[in-house]
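Notes follow the structure.
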Amino acid sequence: MCTLTVVTSNDTYLMAMNRDEKITRDAGLPPEVHEFDGTRAIYPGDGDGGTWFATNECGIALALLNWNDITLGGIAANTRSRGRVIPALIDSRSLSDLRVVFGVSSFQGMMPFRLVGVFPLEQEIWEWRWDSTQLESQVHLWESRHWFSSSLSDERAESLRGVACRTAHHEPDAGSVPWLRRLHASHAGGPGPFSLCVHREDVKTLSYTEALVTSRSVRMGHFRGSPCTEGPTDPIEIEIERAACPNLAVADLGSSAI
């Protein structure tokens, strides 16, 4: 149950995500820097070692959404947390590295999910879908996009929230950080179950996380609580580490910023 936005611009991008959960769940832990065998990554935590949103020092970002509009296969699911997916992958230093890890990974026992990966060097956005039995992938162009998830209906969330997003793209500062924060705090068509900032009797947006990735650094900001009422915590920033990412060492990504 989430809304994810990616805003691309040449070799840089913005990525933001609302985490919508039952109000009985905790808002989670604020972002921290994590070390993975020489690769650093930034992500918030779910309190159980998992996460839904992460970026690493090679400029790669991953975000995970529940996939609700899918019929479960004939296997036991919900025995393993989907929150473990990103920590197992975020130490990848390139798209090819990540695809190798995917090739030897097992997601058996996990409920369906959609995993979105942003790869600035390749200027590609990948989407993997796990339906509880099979994993499929799709490559998207380097263009701004939105993804929507709701336990009530992914399709209806995409339809209703999509209208609000298309309308917002006509605003003068569309694509900026202030615009992105307003969008994810929006109650257009609500507030209610299908507004971008979710308000249901038992579910609401528990946090908002954003990442700004340029050729020089990765910066993550976080709102611990509904973005319509809470302000940001202090952001965390790490430099893009070319020595740790061989593909970046020979690439000139420029120095433009969003």
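The values are calculated or read from the model by the stated rules, or taken from the named source; none is laboratory data. Quick caveat: nothing in here was measured; it's all calculated off a predicted structure. Cβ placement follows ideal geometry from the backbone for every residue including glycine, while neighbour counts extend to all protein chains displayed. Each accessible area value is taken on the protein alone, full model and side chains, heavy atoms only, with ligands, DNA and RNA left out. Shrake-Rupley method; radii C 1.70, N 1.55, O 1.52, S 1.80 Å.
Selection of segment 213-227 for residues being open to solvent by 50 Å² or more (accessible area, probe 1.4 Å) and either modelled with pLDDT of 95 or more or small (G, A, S) (or both) yields only R219.
Considering (1) hydrophobic (A, V, I, L, M, F, W, C); (2) in contact with a Lys or Arg (Cβ under 6 Å, 6 or more places away or on another chain); (3) in a helix (DSSP H, G or I), say which one V163 fails and leave the rest. Of the numbered conditions (1) hydrophobic (A, V, I, L, M, F, W, C); (2) in contact with a Lys or Arg (Cβ under 6 Å, 6 or more places away or on another chain); (3) in a helix (DSSP H, G or I), the odd one out for V163 is (2). Checking T51 against (1) in a strand (DSSP E or B); (2) among the hydroxyl-bearing types (S, T, Y); (3) open to solvent by less than 10 Å² (accessible area, probe 1.4 Å), only one condition comes out false. Which one? Going through the list (1) in a strand (DSSP E or B); (2) among the hydroxyl-bearing types (S, T, Y); (3) open to solvent by less than 10 Å² (accessible area, probe 1.4 Å), T51 breaks only (1).
Given the structure, is R156 modelled with pLDDT of 95 or more, open to solvent by 40 Å² or more (accessible area, probe 1.4 Å) and more than 19 Å from the chain's Cα centre (by Cα)? Spelling it out, it is not the case that R156 is modelled with pLDDT of 95 or more, open to solvent by 40 Å² or more (accessible area, probe 1.4 Å) and more than 19 Å from the chain's Cα centre (by Cα).
The residues of segment 144-154 that are touching a strand residue (DSSP E or B) at 6+ places or on another chain (Cβ under 6 Å) and assigned to a loop (DSSP other than H, G, I, E, B), listed by number, are S144, S149. Quick one: in segment 102-128, of everything that is out of contact with any strand residue (DSSP E or B) (no Cβ under 8 Å at 6 or more places or on another chain) and without any contact (Cβ under 8 Å) to a residue 60 or more places away in the chain, which residue is surrounded by the most Cβ atoms within 10 Å (Cβ to Cβ)? Among those that are out of contact with any strand residue (DSSP E or B) (no Cβ under 8 Å at 6 or more places or on another chain) and without any contact (Cβ under 8 Å) to a residue 60 or more places away in the chain, it is E122.
Taking only segment 1-29 into account, find how many residues are in a strand (DSSP E or B) and either acidic (D, E) or within 15 Å of the chain's Cα centre (by Cα) (or both).
Of the residues in that region, 16 qualify.
Taking the numbered list (1) within 27 Å of E143 (Cβ to Cβ); (2) touching a strand residue (DSSP E or B) at 6+ places or on another chain (Cβ under 6 Å); (3) surrounded by fewer than 23 Cβ atoms within 10 Å (Cβ to Cβ) in turn, L29 passes all entries but (1). Residues that are under 14 Å from T5 (Cα atoms), assigned to a loop (DSSP other than H, G, I, E, B) and touching a Lys or Arg at 6+ places or on another chain (Cβ under 9 Å) occur at least once in segment 196-209.
Per the listing H187, H146, H199, H169, the residue uniquely of a type outside the set (S, T, N, Q), within 16 Å of the chain's Cα centre (by Cα) and open to solvent by 20 Å² or more (accessible area, probe 1.4 Å) is H146. Quick check: anything in segment 59-70 touching an Asp or Glu at 6+ places or on another chain (Cβ under 8 Å), in a loop (DSSP other than H, G, I, E, B) and open to solvent by less than 50 Å² (accessible area, probe 1.4 Å)? Yes, because at least one residue in segment 59-70 is touching an Asp or Glu at 6+ places or on another chain (Cβ under 8 Å), in a loop (DSSP other than H, G, I, E, B) and open to solvent by less than 50 Å² (accessible area, probe 1.4 Å). Across segment 34-46, a minimum of one residue is classified as open to solvent by 50 Å² or more (accessible area, probe 1.4 Å), within 24 Å of D234 (Cβ to Cβ) and not hydrophobic (A, V, I, L, M, F, W, C). Using the structure shown, decide if S81 is polar (S, T, N, Q), out of contact with any strand residue (DSSP E or B) (no Cβ under 8 Å at 6 or more places or on another chain), open to solvent by 10 Å² or more (accessible area, probe 1.4 Å) and without any contact (Cβ under 8 Å) to a residue 12 or more places away in the chain. It is false that S81 is polar (S, T, N, Q), out of contact with any strand residue (DSSP E or B) (no Cβ under 8 Å at 6 or more places or on another chain), open to solvent by 10 Å² or more (accessible area, probe 1.4 Å) and without any contact (Cβ under 8 Å) to a residue 12 or more places away in the chain.
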